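Just below is one structure, and these are the notes that go with it.
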Amino acid sequence: MAEKNGYFKLMLDGAGTYLAVYPPEGKGKKVDLHELEAYLKRRNVEYSPMMLRNAIEKGDGSKVLLQKSRIPEVNEETSVSVSEDGMKVIFRFYPPTEGGSRVDKKEILGDFKANKIKAELDEEAFNSFLNDKQYCKDYIFASGTDPVEGSDGVITYLFNTDPSLKPTVNADGSVDFFHLNTVTVCGKGQVLAEITPAVQGKDGYDVFGSRIPPRQVKDVRFNYGPNLHVSEDGKQLISDIDGHISLVGGKVFVSGVLELENVDTSTGNIENYEGNLLIKGNVITGFRVKASGDIEIKGVVEGAYVEAGGQITVVRGVNGMERGVLKAGKNVVVKYIENATVEAGNNVTTECIINSKVIAGNGIYVDGRKGFISGGNVRARYEVDAKIIGSDMGGDTILEVGVDPAVKERMAALTKDNEVLMKNAKKIQPVLIAMQQKIKKGEKLSPEQVSQVKLLSGQLMSCQSAYAENMKEIEALSSELEDGADAVIRVKNVAYAGTRLTVSGSTMLLKTAYNYCRFIKKRGEVSMIPYM
């Protein structure tokens, strides 16, 4: 069934002015009371609101007397409006009385001019109205032109910007730390990135002829370090040397690998090296190694400090002697960790952890033939996965998941700092109060005492200001400590009694051993569920 709105029509004869209301067809709309009232008011026709409601409700086309006097003949009428966004010209038509004239194209164009509409008449829509006139229905007789949006410039990197840095687990369960292939190699003259330039959009116009500009597009430029150059047309980034590529914070770096036999008295400390390091032997106790890229160590790290902006790989392991530190912006992959501190922005992967402090921004994975964590404090943002946690000897082993370790450590440092500030303030306040009491009693302070008051007042204000700033940061960091609903500790073999587990702020001390299970936070407590 065709869809057609209901409509109304005035009728005239010698007895007066009448109204007929016709019903809608299909899913068409009934006559709107307010529209009908506005139409009658424009014609100065008297009416009863109740009568109009009844006529609309009945809607059968029967004549209803509005007033006993006859009004002049009514021509076919148009109502013109423009959509709020200025992109559509909407015409609505009302029928004439007997003998009234019909709207023609000339009148429509006159309405365009009267309403300052610059858009062209939609001939097809107008002819559709002429061929099948429907009243009390919206016809779109003109439309604006939408702007054509442009596109932003794009940089396409032609190398792997996010390599998988987890080592391979062999069929026998051991972890292959010798063939990691984590460094992306490039050759001299190799194109490493390409730019697709931004494309400007085209203006649009509303029905009044006003310009509608497209959004501003963004151009892009290469951000790169040494050993690279841009092609003459500005569209390609090219390596100047044979080396290794990394993308750090949107900046492309190419560097050759610095190879060393050992880090010891023959080299001294290796500080702030821009690139990747390969140490074929060991890093000896007391030395420091720091590089912006990846560090691969074929031997052992003793009680030394090693920091990388990328990944740290230690093939043989870390025997930190309670002073060794590994700190990586990305991952740490190491054979074993003993009596050391290890921090990774992403993941830590190892075969065992013994009496160490290990912190990871994402996860800690302890696998291979041993796969145990015994003693120390192990913390990760999302998960810890191991075969064995704790020890049957009852050593202190603490595992924590569900809180960003960096945020937690910063909050602890701020809290400790505030304790010192409060302690200092409490020492200063009694002296200032005593001086104020002397002044109130009329005692004159010596120049030395006046200087002391100024000095202590400044120190007190400094303490209070620093305390307030610390509290602001503590509040901001508190909002970052999310619920951590997905945090989990997985145990493939056994979790020994005496191990302390913290999941998203809730703590559980294992009083008995658990096998092949997971620990999660459930209903505010640490709960054990089957391993998955």
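The values are calculated or read from the model by the stated rules, or taken from the named source; none is laboratory data. Keep in mind that this is a model prediction, so the values were computed, not measured. All Cβ positions, even for glycine, are placed from backbone atoms using ideal geometry, and neighbour counts span all protein chains on display.
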query: Among 330, 370, which is the only one that is basic (Lys, Arg), in a loop (DSSP other than H, G, I, E, B) and over 25 Å from the mean Cα position of the chain (by Cα)?
result: 370
task: Could you tell me whether any residue of the stretch 434-446 is part of a helix (DSSP H, G or I) and either of a type in the set (Phe, Trp, Tyr) or within 30 Å of residue 402 (Cα to Cα) (or both)?
output: no
query: Which residues, counting only those in the stretch 25-42, are out of contact with any Phe, Trp or Tyr (no Cβ under 8 Å at 6 or more places or on another chain) and either in a helix (DSSP H, G or I) or crowded, with 17+ Cβ neighbours inside 10 Å (or both)?
result: 28, 33, 34, 35, 38, 41, 42
field: Exclusive hit being surrounded by fewer than 12 Cβ atoms within 10 Å (Cβ to Cβ) and within 30 Å of residue 393 (Cα to Cα), set 448, 475, 443, 525
entry: 525
field: Verdict on residue 457 being farther than 30 Å from residue 374 by Cβ, exposed (fewer than 15 other Cβ atoms within 10 Å of the Cβ) and in contact with a helix residue (DSSP H, G or I) (Cβ under 7 Å, 6 or more places away or on another chain)
entry: yes
task: Check 111, 85 and return the single one that is at pLDDT 90 or above, surrounded by 14 or more Cβ atoms within 10 Å (Cβ to Cβ) and among the acidic types (Asp, Glu).
output: 111
- line: In the stretch 241-269, residues that are in a loop (DSSP other than H, G, I, E, B), surrounded by 13 or more Cβ atoms within 10 Å (Cβ to Cβ) and at pLDDT 85 or above total 5
message: Any residue in the stretch 12-33 that is farther than 21 Å from residue 49 by Cα sitting within a Cβ distance under 7 Å of a residue that is not aliphatic (A, V, I, L, M) and not in a loop (DSSP other than H, G, I, E, B)? List the pairs, counting only those 6 or more apart or interchain.
response: 25/4; 26/4; 28/4
- request: Would you be able to say whether some residue in the stretch 481-495 is surrounded by 17 or more Cβ atoms within 10 Å (Cβ to Cβ), among the aliphatic types (A, V, I, L, M) and in a loop (DSSP other than H, G, I, E, B)?
  value: yes
query: Any residue in the stretch 281-293 that is part of a loop (DSSP other than H, G, I, E, B), crowded, with 18+ Cβ neighbours inside 10 Å and either of a type in the set (Ser, Thr, Tyr) or in contact with a His (Cβ under 9 Å, 6 or more places away or on another chain) (or both)?
result: yes
message: If I filter the stretch 57-73 for residues that are in a helix (DSSP H, G or I) and either in contact with a strand residue (DSSP E or B) (Cβ under 7 Å, 6 or more places away or on another chain) or not assigned by TED's automatic domain parsing to the domain that holds residue 120 (or both), do I get at least one hit?
response: yes
field: Unmet criterion (only one of (1) touching a residue at least 24 places away in the same chain (Cβ under 8 Å); (2) not in a loop (DSSP other than H, G, I, E, B)) for residue 103
entry: (2)
